[in-house]
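Engineer: Let me give you the structure first, and then I'll get to my questions.
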Amino acid sequence: MNIRCICIISKDNKPLYFHSVTGSEFELRFTVHAALDVLDEKADAKDVSCFKGLLFLTEEFKVYGYIANTHLRFVLIIDNDDNFEIPDSAVRGVFNSIHKELTKLYLNPFFTDFDTTITSNNFQTKISELCSNPT
Amino acid sequence: MPTKNAQNVLKASEAAYSKLPKVSSELLTLTYGVFIQQIFKTTYRIEDVNAKLLEIGQNMGLRIVDDFLSHIVFERCSSFTETCQILVGSGFMYFFGVSGTILSWNEENSQCVFLLKHNLLNNFVEIPAHLEGLKYNNMLCGVIKGALNAINFKVKVEEVESTVYGANDDVFSISLEELLHDETGE
């Protein structure tokens, strides 16, 4: 599974964190924007679980979404590789790891930017490690 | 090498620690973090925060040394090295649940460096750039300083490495400055 991008958006649709691995960042941001609309629809549904599954497919990407109970949204973009069937559980695992890292960041007593972009170096290193090693 | 006395005290303190009522470590970690934030908001100067933490630690140290000595009975220590072994090994075990390990002593046996693994006060903490120089563990340094002061050792305790700045473990140094003598009351 090749992760291309991880994006964290607050409940007021402010971008909190954007990390892209390689490739055109512009295209990835565009895809995330498109994903937000689909995620909004899924947010209204009665489905209780946080993992919202595959949001949509493009030629190059598969886009997955996750909404935490605090209405924080995570969007994950993976390379669309037709040969590989990526199991849902693997994607859920990635979202859970992102959520855990974010929680650890929030537990830092000096962390105050809940509504602005995340600048912590520790967090960036952890997310890059997660991207290169998704299991 | 820890003395026989020190080893016995370590066993006694482990036993005593297991009988004490426990509290969630996250509660302690978060409380300590917010506490330091609040102190910072009173002065906005890092040196003042460090000094205040040391002072608070010293006040704690004065009192807990009596608590420790009343619960764990052992022979008088024969030297400063033995005192430090007992403090680092058993003192931390009794109050903190983790035992420190002494890494090295200097030639005259007046300064030691010790390591504290799994210091839960530092869990999840990352110091932001504008607070560079904040000695997050200064309260622990103060506790050691206050405790040794109460038993007539004047020491200087500093943090050498800290996990909040990215090191693997917390390392502290204790240096003996002088031996105090009991003052006779007038």
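The values are calculated or read from the model by the stated rules, or taken from the named source; none is laboratory data. Everything numeric here is computed off the predicted structure, so don't read it as measured data. Cβ sites come from the backbone with ideal geometry, for glycine too, and all protein chains shown count toward neighbours. Areas reflect the complete protein model, heavy atoms only, side chains present, ligands, DNA and RNA absent. Shrake-Rupley method; radii C 1.70, N 1.55, O 1.52, S 1.80 Å.
Engineer: Considering only residues that are within 24 Å of residue B:171 (Cβ to Cβ) and open to solvent by 30 Å² or more (accessible area, probe 1.4 Å), look in region B:60-80 and name the one that is modelled with the lowest pLDDT.
Structural biologist: B:77
Engineer: Still on this structure, I have one more. Within region A:82-107, take every residue that is hydroxyl-bearing (Ser, Thr, Tyr) and away from chain B (no Cβ under 14 Å) and give me the one that is surrounded by the most Cβ atoms within 10 Å (Cβ to Cβ).
Structural biologist: By that ranking, first place goes to A:97.
Here is a yes/no grid of residues against (1) within 20 Å of the chain's Cα centre (by Cα); (2) within 14 Å of chain A (Cβ to nearest Cβ):
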site	(1), (2)
B:3	no, no
B:8	no, no
B:29	yes, yes
B:47	yes, no
B:54	yes, no
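Engineer: If you don't mind, there's one more thing I want to ask. Would you check which residues across region A:48-57 are in contact with a strand residue (DSSP E or B) (Cβ under 9 Å, 6 or more places away or on another chain) and more than 18 Å from residue A:102 (Cβ to Cβ) and list them?
Structural biologist: A:53, A:54, A:55, A:56, A:57
Engineer: Within the bounds of region A:50-72, is there any residue that is touching a residue at least 60 places away in the same chain (Cβ under 8 Å), closer than 24 Å to residue A:133 by Cα and open to solvent by less than 50 Å² (accessible area, probe 1.4 Å)?
Structural biologist: There is at least one residue in region A:50-72 that is touching a residue at least 60 places away in the same chain (Cβ under 8 Å), closer than 24 Å to residue A:133 by Cα and open to solvent by less than 50 Å² (accessible area, probe 1.4 Å).
Engineer: Where residues in region B:112-128 are part of a strand (DSSP E or B) and surrounded by 19 or more Cβ atoms within 10 Å (Cβ to Cβ), which of them is nearest to the other protein chains (Cβ to nearest Cβ)?
Structural biologist: B:116
Engineer: I would also like to ask the following. Residue B:20 versus (1) surrounded by 13 or more Cβ atoms within 10 Å (Cβ to Cβ); (2) among the hydrophobic types (A, V, I, L, M, F, W, C); (3) at pLDDT below 90: which is the lone unmet condition?
Structural biologist: (1)
Engineer: So for region B:86-97 (the condition being touching a His at 6+ places or on another chain (Cβ under 8 Å), part of a helix (DSSP H, G or I) and of a type in the set (Phe, Trp, Tyr)), does at least one residue qualify?
Structural biologist: yes
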